[in-house]
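Every read-out reported here was derived from the displayed coordinates using simple, explicitly stated rules and does not represent laboratory data. The model shown is predicted, which means the values in this text are computed figures rather than measured ones. Backbone-built Cβ (ideal geometry, glycine too); neighbour counts: all protein chains shown.
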Amino acid sequence: MEKKKSRIQLLWLIPLIVGTIYIIRREQQTPYNNIEGLIFGTVYHVTYQYDGDLKPDIEKAFKRFDASLSMFNDTSVISRINQNKEVVPDSFFINVFKRSMEISKETDGAFDITVAPLVNAWGFGFKKNQQVDSLTIDSLRKIIGYGKIALKDGKIVKQDPRMMLDCSAIAKGYASDIIAHLLEQNGIKNYMVEIGGEIVAKGYNSQKEAWRIGINKPVDDSLSQNQELQSILQLTNVGMATSGNYRNFYYKEGKKYAHTIDPKTGYPVQHSLLSTTVVAQDCMTADALATAFMVMGLEKAEAFANAHPEIEACFIYSDKNGELKNYFTKNMKKYVVK
């Protein structure tokens, strides 16, 4: 009786073993696809293991995203909200808005999507800059603040109609999450999505290793030509984002003005922190916090990151002698390979 039972079990086990071997071999033979293109004024790259071309689906998702959160599209949801036109926010906008409000509270306003009027005034936004002086800044600060705007009954309510939103410090991260979700819906386990430096990495690359991601050395490079790396990370199953003031800046009367604006002071930040990289479970969170840390400065950013074990961070700063230094949170060090 026992022998018969063992034979039956063996008969069931053989197909299972054969099926497992077949699946493993098929996964090994499935090619990795690389696609790239332009979106949101930047370049995107997607690498994924799949026997098929998903570029049409990816670009369809980008078009939907553009129609929701692009400030350079006059008919997008966010543009219509900024223009005080009647519009019902879609799910993309609502998800970004809600997460933005949460992170604004967590960072005590270091991250704030109502900063758009200030960003525009300094020449880094979706409108031409105006003549900036202290009176202008003081006036604009009165209409800045995440506490002055809310989502009620499915619509955005502003305390002042002059308020405008700028989601550029969180939207690319969320877009990376959206494309990652699209890939997973197609059963893809190994992929890397990158949109303007905001990354989601899952599974393994074609070498069966965790994905290697470089952090650029933060040297002034407005044309994005310098590819020298400060560090290299090896990541999987996380989102990552980097923010810095070494690419989007200008000089006026001998003084450098960078694109990171402090919502509280109304001025571009001026401190030793040059670049922040954040690793989190989703790229939207990593993107927003990377910007918040650039506003906070080194000491406050270190304190925040160390108080939140669900994230990891790398800060590149200039010491008193002008030399570049790295600071890694405790668990961030496990990702560093160089």
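Using the beta-carbon distance between Ile35 and Asp74 and R0 = 25 Å, what value does 1/(1 + (r/R0)^6) give for FRET efficiency, to the nearest 0.05? Calculated value: 0.35. Counting other Cβ atoms within 10 Å as a rough exposure proxy, the listed residues Thr277, Thr260, Thr107, Thr42 run Thr42, Thr107, Thr260, Thr277 from fewest neighbours to most.
Normalised by the number of residues in region 192-335, the mean separation of alpha-carbon contacts (under 8 Å, six or more apart) gives a relative contact order of 19 percent.
Footprinting exposure proxy ranking of Glu86, Glu194, fewest other C-beta atoms within 10 angstrom first, gives Glu86, Glu194. Listing Met296, Met164 from fewest to most neighbouring C-beta atoms within 10 Å gives Met296, Met164. With each label modelled as a point 7 angstrom along the Cα→C-beta vector, the Lys155-Asp51 pair spans 5.2 nm. Take the Cα of Gln83, step 7 Å toward its Cβ, do the same at Thr42, and the gap between the two points is 2.6 nm. Site pair Glu299 and Asp138 shows an inter-label distance of 2.8 nm when each label is modelled 7 Å from Cα along Cα→Cβ.
On full extension, the segment bounded by Gln207 and Val219 gains 1.2 nm, given 0.36 nm per residue less the C-alpha separation.
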